[in-house]
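Okay, so here's the structure we're looking at.
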Amino acid sequence: MSIISTDITRAKAILEQNDLVAIPTETVYGLAGNIYSEKAIKAIFETKKRPFFNPLIVHIPHINYLENVASYVPEKARQLAEAFWPGSLTLVLPKKANIPDLITAGKDTVAVRIPNHPLTLKLLESLDFPLAAPSANPFGSISPTTAKHVETYFKNDIQMVLDGGPCQHGIESTIVGFEGENPVVYRLGSIALEDLEAVVGSILVKNKKEQAPDAPGMLERHYAPKTQTILVDSVIEEIKKHPGEKIGVLAFKTPVQDSTVAYHIILSENGNLNEAAARLYDALHDMDKQDLDVIIAERLPDYGLGRSINDRLERATVST
Ligand code: AMP
Ligand code: MG
């Protein structure tokens, strides 16, 4: 029997028993549990096989709820929250004392956002606790952007996936922390850096592990297909290096004319970066099913969401 359902009342009942439900958001599907339940939070880490040093994002229903979670909100954090919530912006703020250490990996900060999906907002509003909801995939693998992706990963582990359709943005939230009063991007994501800067002025980006020891989880290898994946500027040049291999090409907008390519996906024929982001993970899931020897991915233009997509592709292409 399928675990996919649109029954929000059932989702609420399962969460109130401190069990897990996968929920839709505009970024990717999340594996959700009550932040105040040790049982639920441990189940999230165990189901995902996620290391405990990797903190979870707390999902709240509305901006007034922030005071229950954060002990201090810098002025620029408030401006960003007002501009982008509900939406794909996660703020890392000093935490309230009652936020469990399991959620924050023992840190004195908490990551928080309001997701922008009607079903999940309704669910959050009906609960009297916030939800921790990391991406609903085994640690390190490709994030899920459809209910079906989640079912494939976890049909034996969880009772229900709340079906909210395909995720509209398709890559994870942009994570912004603070050094004093100054915003710092810890993870590029589905809100473009330029859009944040239009609200609060220029922002430092520290999204590499060595720059951001404060943001565990920015692991070099992440979001990765099982198939060997290579990120290049010129697909044509790379193809020449793989004679006789079964090649898949993940191109931005222009198809590659080469008869040796076995499988081909174009992220956006019109060269639209939003569309490319929304399709990225589904394309990687699809490629991974084709029994290819190698996936050659084309680097996108390095601005707007192109920069966030390149970040994910870089992490998908680090070999273990
Ligand atoms: P996700 O796997 O999409 O749920 O993202 C969770 C990520 O948020 C973690 O891997 C961290 O990079 C980041 N994060 C969560 N909480 C914190 C925190 N307190 N301080 C810094 N980064 C955090
Ligand atoms: Mg994740």
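The values are calculated or read from the model by the stated rules, or taken from the named source; none is laboratory data. Values in this document were obtained by computation on a predicted structure and should not be read as measured data. Backbone-built Cβ (ideal geometry, glycine too); neighbour counts: all protein chains shown. What goes into the accessible areas is simple: the full protein's heavy atoms, side chains included, and nothing from ligands, DNA or RNA. Shrake-Rupley method; radii C 1.70, N 1.55, O 1.52, S 1.80 Å.
What to note about this one:
- Taking 7 Å steps out from each Cα toward its Cβ at T6 and N182 produces label points 4.9 nm apart.
- Within straight-line reach of K246, meaning a Cα separation under 14 Å, sit the following aspartates and glutamates at least 8 residues removed in sequence or on another chain: E238, D258, D288, D291, D293.
- Counting only protein heavy atoms and a 1.4 Å probe, the stretch 133-184 has 35 square angstrom of accessible area per residue.
- Residue of G87, G165, G177 that the Gaussian network model of the chain assigns the largest fluctuation, springs spanning Cα pairs under 10 Å: G165
- Length gained on full extension, T152 to K96, computed as 0.36 nm times the residue gap minus the Cα-Cα distance: 16.5 nm.
- Seen against the Cα atoms of the chain and their longest principal axis, helix 75-84 is set at about 60 degrees.
- Placing a pseudo-label 7 Å from each Cα along the Cα-to-Cβ vector at N18 and N272 gives an inter-label distance of 4.6 nm.
- Computed lengthening from T254 to S71, 0.36 nm per intervening residue step minus Cα-Cα distance: 61.0 nm
- Taking P183, P61, P243 as the candidate residues, the one with maximal mean-square fluctuation in a Gaussian network model of the chain, Cα springs under 10 Å, is P243.
- Relative contact order %, the chain, counting alpha carbon pairs below 8 Å whose residues are six or more apart: 19
- The length gained by stretching the chain between E237 and H264 to full extension, at 0.36 nm per residue less their Cα-Cα distance, is 8.1 nm.
- Candidates V176, V112, V261: whichever shows maximal mean-square fluctuation once the chain is modelled as a Gaussian network with Cα springs under 10 Å: V261
- Cα-centre dipole for the chain with unit charges at Cβ (Lys and Arg positive, Asp and Glu negative), debye to 20: 560
- Cα-Cα over 25 Å, subset of K42/K95; K39/K76; K49/K122; K95/K148; K49/K148; K155/K289: K39/K76; K49/K122; K95/K148
- Estimated [θ] at 222 nm from DSSP helical runs (n ≥ 4, -39500 (n - 2.57)) normalised by residues in the chain, nearest 500: -8000 deg cm²/dmol
- Charge dipole of the chain about the Cα centre (unit charges at C-beta), most positive-ward option of C167, N182, S126: S126
- Summarising the label geometry, the points placed 7 Å from Cα in the beta-carbon direction at D108 and V205 lie 3.0 nm from one another.
- Dipole magnitude (debye, nearest 20) for the stretch 120-217, charges at Cβ of Lys, Arg, Asp, Glu: 360
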